[in-house]
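Comments concern the structure below.
The values are calculated or read from the model by the stated rules, or taken from the named source; none is laboratory data. Everything quoted here is computed from the prediction, not taken from an experiment. Virtual Cβ from ideal backbone geometry, glycine too; neighbours counted across all protein chains shown.
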Amino acid sequence: MVMQIRRNFQITLPAAIRKRLGLSIGDILETTLKEGKIIIIPKKAIDADQAWFWQKDWQNGEKAAEEDLKAGKVKKFNTVKDLIKELDK
């Protein structure tokens, strides 16, 4: 697809690309140069109070927990008292 640089050096992303990537007005795009090419990468903004969840260590823990759940490596308790007894062991 071909785009044209317009006044103020603005470009318009073709509709097919916007639809395929699910882009909307106000979305954030990162631009970089690589080997003489412009690369545009969609980015998502994360609220500062939620940033901890997306840290690599936390995401690794989430992945490990998900694997444990799938493998059945979990204990289930009928009451909170039963859970506390297990934790006290």
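Yes/no per residue for (1) modelled with pLDDT of 95 or more; (2) in contact with a His (Cβ under 6 Å, 6 or more places away or on another chain); (3) surrounded by 10 or more Cβ atoms within 10 Å (Cβ to Cβ); (4) among the hydroxyl-bearing types (Ser, Thr, Tyr):
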| residue | (1), (2), (3), (4) |
| --- | --- |
| ILE46 | no, no, yes, no |
| ASN60 | yes, no, yes, no |
| LYS76 | no, no, no, no |
| THR79 | yes, no, no, yes |
Exercise. Check whether at least one residue in segment 8-18 is charged (D, E, K, R) and exposed (fewer than 10 other Cβ atoms within 10 Å of the Cβ), and report yes or no.
Key: no
Restricted to segment 29-40 and to residues being loosely packed, with under 10 Cβ neighbours inside 10 Å and out of contact with any Lys or Arg (no Cβ under 6 Å at 6 or more places or on another chain), the residue farthest from THR12 (Cα to Cα) is GLU35
Restricting attention to segment 41-72, the residues that are free of Cβ contacts under 8 Å to residues at least 12 places away in the same chain, under 30 Å from ILE11 (Cα atoms) and among the hydrophobic types (A, V, I, L, M, F, W, C) number exactly 1
